[in-house]
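Inspection log for the structure reproduced underneath, given as structure tokens.
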Amino acid sequence: MNHHLPTTMRRADGTKWGAEHVTRLASAAKPKGAMVFVHGFRGHPVETWHDFPGLLPLEAKAASYDLLFYGYDTRQQAPFSAAKLTTFLTALAQSPAVEVVNPSLAFGLPERPATFQYDHIVIAAHSLGAVVARLALLQAVDPNGDPLPWLSKVRLALFAPAHSGATVVALIALLMSGAPLKGQVEAVARRLFKSINDVETGSPTLKEMRKATRDLLRSHAQLASCHRAWVAHGEDDYIVSARQFVKDQPTTAIDKADHFEVCKPTAKKREPMDFLLGVLP
């Protein structure tokens, strides 16, 4: 096995990074990269990804990558969740051993040196998680407003991203388990789950994110690998728009997959796995 058993992801002070954050750390002495998984609307940090946590450690190309499953509260506004993700990604990029890896190791496993650094960081995000991830990367700037240097190490692999908008009625239906969507129900859902408003087609959040990404790619061409995402959409998805976002890579179409199946590989259906492995440097 190329990875240790799952553990809780902890900070340097021993506290949890957040709700249900989980790691599967590579057993290699010096892993070259980290994969950070960011779930979607009402998703679960691990269950969203189905067999990824169990299958990736069997893949030779993933053997030298730490697997980090990140959780956030989808009731909050996407920019708020993004700010927290920026803090985590900055710690992971700048001081991974001290801030993330060593505090998360199971008892008895050797620690990595404080100088340890990743060569690559791949963020895999689903649905709303794609918006949170993109906003987090846009927020990763120094006091002068310039992008942080570690962003050049980042690649984005997005599964059914909501960055071009989502059907709000479909999202609310997920909350109501098929109950009739009356006006009052919709209003309550929007109030309780503020992120719904962020991913509505044409929302200010999506418009501002699109403009900021376009401007950044014009002014910092070296960040193309970070902000030109690799994208996969399922042919049976009725929730998000498949419209291309700014200058992303050409879309990978996954046959016979809906909004949720698109990020759930199995031993027999490898398309989501092959897509993610294809993004790894």
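Here are the numbers for the structure shown:
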read-out	value
Tally of residues being among the aliphatic types (A, V, I, L, M) and in contact with an Asp or Glu (Cβ under 6 Å, 6 or more places away or on another chain) across the stretch 206-240	2
Top-ranked residue in the stretch 1-20 [being surrounded by fewer than 18 Cβ atoms within 10 Å (Cβ to Cβ) and aliphatic (A, V, I, L, M); ranked as farthest from residue 132 (Cα to Cα)]	1
Selection within the stretch 124-170 - touching a Pro at 6+ places or on another chain (Cβ under 8 Å) and of a type in the set (Phe, Trp, Tyr)	159
Residue tally, condition in contact (Cβ under 8 Å) with a residue 60 or more places away in the chain, within 17 Å of residue 280 (Cα to Cα) and either surrounded by fewer than 21 Cβ atoms within 10 Å (Cβ to Cβ) or small (Gly, Ala, Ser) (or both), over the stretch 37-61	3
Residue 23, sole failed condition from (1) touching a Pro at 6+ places or on another chain (Cβ under 9 Å); (2) surrounded by fewer than 18 Cβ atoms within 10 Å (Cβ to Cβ); (3) polar (S, T, N, Q)	(2)
Meets criteria (at pLDDT 90 or above and buried (at least 23 other Cβ atoms within 10 Å of the Cβ)) for residue 143	no
Hey, residue 106 touching a residue at least 40 places away in the same chain (Cβ under 8 Å), surrounded by 21 or more Cβ atoms within 10 Å (Cβ to Cβ), over 15 Å from the mean Cα position of the chain (by Cα) and farther than 21 Å from residue 152 by Cβ or not	no
Tabulated pairs, the stretch 226-251, first more than 20 Å from residue 201 (Cβ to Cβ), second crowded, with 21+ Cβ neighbours inside 10 Å and hydroxyl-bearing (Ser, Thr, Tyr), C-beta under 8 angstrom, 6+ apart or interchain	227/213
Filter result for residue 198 (outside any loop (DSSP other than H, G, I, E, B), loosely packed, with under 13 Cβ neighbours inside 10 Å and on the phi < 0 side of the Ramachandran plot)	no
Sole exception among (1) among the polar types (S, T, N, Q); (2) in contact with a helix residue (DSSP H, G or I) (Cβ under 9 Å, 6 or more places away or on another chain); (3) more than 18 Å from residue 170 (Cβ to Cβ) for residue 201, by number	(3)
Residues satisfying the stated conditions in the stretch 271-281, i.e. at pLDDT 95 or above and out of contact with any Cys (no Cβ under 6 Å at 6 or more places or on another chain)	271, 273, 274, 275, 276, 277, 278, 279, 280
Single residue of the stretch 224-251 satisfying the filter (in a helix (DSSP H, G or I) and touching a strand residue (DSSP E or B) at 6+ places or on another chain (Cβ under 6 Å)) that is surrounded by the most Cβ atoms within 10 Å (Cβ to Cβ)	226
The listed residue being surrounded by fewer than 17 Cβ atoms within 10 Å (Cβ to Cβ) and of a type in the set (S, T, N, Q), out of 81, 95, 64	95
Those residues of the stretch 253-263 which are surrounded by fewer than 19 Cβ atoms within 10 Å (Cβ to Cβ) and in contact (Cβ under 8 Å) with a residue 24 or more places away in the chain, in sequence order	258
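The values are calculated or read from the model by the stated rules, or taken from the named source; none is laboratory data. Quick caveat: nothing in here was measured; it's all calculated off a predicted structure. Neighbour counts run over all protein chains shown; Cβ positions are idealised from the backbone, glycine included.
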